[in-house]
There are 2 protein chains.
Amino acid sequence: MAKYSIKDIAQLAGVSVATVSRVINDNGRFSEETRKKVLAIIERTGYQTNFSAKNLRMNKSFSIGVLVPDISNYFFAQVVQKIEEILFKQGYATIICNTARSEEKEIAYLQMLESKGIDGLIVISGAKSFDIQKLKGPQKIPFVCIDRKPRNKSTTIFIGSNHYQGAFEATEHLLKNGCQHPVIAMHTTATPSGVERLNGFKDALKKNSIFFDDKQASLLLDPDHTNLTDTLKTFLKESPNTDGIFAINDAIAMSLMSNLLKMGIKVPKQIKVIGFDDTPQDNYSYPTLSSVRQDTETIATTAVTSLISLTKNTNDLGKSIMVPVTLVPRDSSI
Amino acid sequence: MAKYSIKDIAQLAGVSVATVSRVINDNGRFSEETRKKVLAIIERTGYQTNFSAKNLRMNKSFSIGVLVPDISNYFFAQVVQKIEEILFKQGYATIICNTARSEEKEIAYLQMLESKGIDGLIVISGAKSFDIQKLKGPQKIPFVCIDRKPRNKSTTIFIGSNHYQGAFEATEHLLKNGCQHPVIAMHTTATPSGVERLNGFKDALKKNSIFFDDKQASLLLDPDHTNLTDTLKTFLKESPNTDGIFAINDAIAMSLMSNLLKMGIKVPKQIKVIGFDDTPQDNYSYPTLSSVRQDTETIATTAVTSLISLTKNTNDLGKSIMVPVTLVPRDSSI
DNA sequence: TTGTATGCGTTATCAC
DNA sequence: GTGATAACGCATACAA
């Protein structure tokens, strides 16, 4: 026997397909007796809904797409994992789209997702602003942005950690622990979260009456960490007073810290270091790395909830949601 | 105007739907003139194939499922990323299924994937053997296993790193660098790859005429790393001669190393450490962590190629493919 | 070379 | 409370 269809079930149960459909979806009226009868047959045959047919008929696909720059980044992976978990509970499949930061791939993905008739889209991070107009179809798919600037705010809901707060607290933490010349280490290309973190850093300095010198206090790194050692050495020659580093993420913090140690500079004694993201490795490095933890759980939950609500009504469009972060002090900054 | 259908295109182009379909799929014969005409309309309207309809008709979904225990594990993330990249190039969507090591979730996922009519399945790791019989449908979906033992070998293609070789080389590396009492650190629950690594470790000892004492030479850890510090201390008390640790993955290696340092034990001077997976953090820890690199690129490519070939013919069923690994010595073991 | 007609499995409308 | 049937968009067998 090939796969059972609703028709087969109807036949076996001695009812019509309409009735079977009603029972399956608990939609409309039917007697308790037929309900039991139909359900029994379904159980016995192992009948499964054919989603392609259902999708076609209902113009709904029960799947949502997730656009992410790099799934092997711990923070992204964490968020995607949570998103997927929640979506699955709600009956949605998650189609993962790793754009590898390529605009071209992003467009190609968008096209495919649209063709598949996805019910919604979650866009995570990315340097350029996200433009839903890239979709060809007339009716735009609902989408939410996590740490990614939308081209047009009023077409989406924006969710992100309070990067500003995190950076501010991290910087003040350095100052309180005695740093007089803290610097910020970041990538040359800035995501929205990166910009916010920079602002938090600057404002913490300002509040403590420390002048922010663009050149002296910002250590700019290649995204792929080439020549990191050289860049660091050059920087320290030009900013010899550096006694604290706020790194925009843990990967940068880690690699800087290990380079400092190799150069014979003691962490945290001579230079204190603090990162961002609170990756598990922070506990295992030597010294252990201070960091700022993002609440991935809340971010993911909020994103999914917002998206689902968008599929039902558009009241929340234009909203912006900020998720608090927490400072996690460890040995590298104390 | 709502979304365009093939019917709309036909109308606009002044041909029949059949012709449009033929042009779109380059299937059957049609004149160059009509081809151009139809394509022009498609271009102008932004028409996109409705996959739900296509799937229903062709009984094919152009999407494949990936079952993975934990996407935030670096190795898994890496493999999934590559798989997704290759699949996308071939026109397939990747549905990610994070089982969180739960049997229950796995079954639920399988059901959903089957309902969606996925064309194939890639199963990554997992402690229990994978049983495709969990699927309810009559015709079984083609699938391949990466580092996961299938219940029945002849129903799949198995792909995995040469864990044995990696463990063997890592252990010999420790011995060559002077270790006399190396131990293996691993989780209490063993995946297929874990078992292979243990075998490699044992055989390296045997080859070098070192007796493997189950108790003295294996450091068993909780998968969630609770009480790791205590476990390590107890172990070292009972095996005080320990001068080298082969950790079954980098996370374990890292956390052991940091604990050793905290206890005042010098790495690599007193105890050498080597891990597995070659995560990026290995370069940033202090000391940098020696490891064994898995060739995620080849693993992913092989998995996808095998799966696609399975969808076309079943000749390769039962095959087992082993991907070489490479030793990456760093400071922690020299 | 092109058109007509059918059916894939489902839901929803309408009639009974 | 239940059944018959149209429609979703597409590919294809068969006709022309």
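Every residue, every condition in (1) away from DNA strand D (no atom under 16 Å from the Cβ); (2) more than 7 Å from chain A (Cβ to nearest Cβ), yes or no:
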position: B:Thr49; (1), (2): no, no
position: B:Ser52; (1), (2): no, no
position: B:Arg57; (1), (2): no, yes
position: B:Ser61; (1), (2): no, no
position: B:Ile64; (1), (2): yes, yes
position: B:Asp70; (1), (2): yes, yes
position: B:Phe75; (1), (2): yes, yes
position: B:Gln78; (1), (2): yes, no
position: B:Glu85; (1), (2): yes, no
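Identify the residue in the stretch B:15-35 that is more than 6 Å from DNA strand C (Cβ to nearest atom) and surrounded by 12 or more Cβ atoms within 10 Å (Cβ to Cβ) and, among all such residues, is farthest from the chain's Cα centre (by Cα).
B:Arg35
Would you call B:Lys60 at pLDDT 95 or above, over 17 Å from the mean Cα position of the chain (by Cα) and of a type outside the set (Phe, Trp, Tyr)? Walk me through it before giving the result.
Values: at pLDDT 95 or above: no; over 17 Å from the mean Cα position of the chain (by Cα): yes; of a type outside the set (Phe, Trp, Tyr): yes.
In short, no.
Check B:Val66, B:Val79 and return the single one that is in a helix (DSSP H, G or I) and either surrounded by fewer than 17 Cβ atoms within 10 Å (Cβ to Cβ) or among the hydrophobic types (A, V, I, L, M, F, W, C) (or both). Steps first, answer last, please.
Working: B:Val66 fails: in a helix (DSSP H, G or I).
Result: B:Val79 is the single residue among B:Val66, B:Val79 that is in a helix (DSSP H, G or I) and either surrounded by fewer than 17 Cβ atoms within 10 Å (Cβ to Cβ) or among the hydrophobic types (A, V, I, L, M, F, W, C) (or both).
Between a residue in the stretch B:106-121 that is under 22 Å from A:Ile6 (Cβ atoms) and any residue that is assigned to a helix (DSSP H, G or I), which pairs come within a Cβ distance under 6 Å, given they are 6 or more apart or on different chains?
If the second residue must be assigned to a helix (DSSP H, G or I), the pairs left are B:Leu110/B:Lys134; B:Ser115/A:Phe51; B:Lys116/A:Phe51; B:Gly117/A:Ser52.
I'm checking my understanding of the structure. Among residues of the stretch B:266-285 that are free of Cβ contacts under 8 Å to residues at least 24 places away in the same chain and within 12 Å of chain A (Cβ to nearest Cβ), which one is surrounded by the most Cβ atoms within 10 Å (Cβ to Cβ)? Even if it seems obvious, please write down each step before you answer.
Applying the first criterion (free of Cβ contacts under 8 Å to residues at least 24 places away in the same chain) to the stretch B:266-285 yields B:266, B:269, B:284.
If we keep only those that are within 12 Å of chain A (Cβ to nearest Cβ) too, we end up with B:266, B:284.
Numbers: B:Lys266: 10, B:Tyr284: 24.
Among those that are free of Cβ contacts under 8 Å to residues at least 24 places away in the same chain and within 12 Å of chain A (Cβ to nearest Cβ), it is B:Tyr284.
Any residue in the stretch B:119-130 that is closer than 13 Å to A:Gln48 by Cα and hydrophobic (A, V, I, L, M, F, W, C)?
No: zero hits.
To keep it simple, each residue is scored yes or no on (1) at pLDDT 95 or above; (2) basic (Lys, Arg); (3) surrounded by fewer than 24 Cβ atoms within 10 Å (Cβ to Cβ).
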residue	(1), (2), (3)
B:Gly126	no, no, yes
B:Gly137	no, no, yes
B:Ser154	no, no, yes
B:Gln165	yes, no, yes
B:Ala170	yes, no, no
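How many residues, within the stretch B:64-89, are modelled with pLDDT under 95 and among the small types (Gly, Ala, Ser)?
Residues in the stretch B:64-89 being modelled with pLDDT under 95 and among the small types (Gly, Ala, Ser): 1 in total.
In the stretch B:19-38, how many residues are touching a helix residue (DSSP H, G or I) at 6+ places or on another chain (Cβ under 8 Å), within 12 Å of DNA strand D (Cβ to nearest atom) and without any contact (Cβ under 8 Å) to a residue 24 or more places away in the chain?
Initially, the stretch B:19-38 is screened for residues touching a helix residue (DSSP H, G or I) at 6+ places or on another chain (Cβ under 8 Å), giving B:19-21, B:23-24, B:27-30, B:34-35, B:37-38.
Next cut, within 12 Å of DNA strand D (Cβ to nearest atom) only: B:19-21, B:23-24, B:27-30, B:38.
Still in the list and also without any contact (Cβ under 8 Å) to a residue 24 or more places away in the chain: B:19-21, B:23, B:27-30.
The number of residues fulfilling the criteria is 8.
For the stretch B:128-135, check the following and say yes or no: at least one residue is crowded, with 16+ Cβ neighbours inside 10 Å, at pLDDT 90 or above and touching a helix residue (DSSP H, G or I) at 6+ places or on another chain (Cβ under 8 Å). Quick ask: steps written out before the conclusion?
First, the residues of the stretch B:128-135 that are crowded, with 16+ Cβ neighbours inside 10 Å: B:130, B:132, B:135.
Those left that are additionally at pLDDT 90 or above: B:130.
Pick out the ones that are also touching a helix residue (DSSP H, G or I) at 6+ places or on another chain (Cβ under 8 Å) and you get none.
Within the stretch B:128-135, not a single residue is crowded, with 16+ Cβ neighbours inside 10 Å, at pLDDT 90 or above and touching a helix residue (DSSP H, G or I) at 6+ places or on another chain (Cβ under 8 Å).
Taking the stretch A:82-109, which residues are within 24 Å of A:Lys54 (Cβ to Cβ), in a helix (DSSP H, G or I) and among the hydrophobic types (A, V, I, L, M, F, W, C)?
A:Ile83, A:Ile86, A:Leu87, A:Phe88
The values are calculated or read from the model by the stated rules, or taken from the named source; none is laboratory data. This structure is a prediction, so every number in the text was calculated from the model and none was measured. Cβ coordinates were reconstructed from backbone atoms using ideal geometry, including for glycine residues, and neighbour counts include every protein chain displayed.
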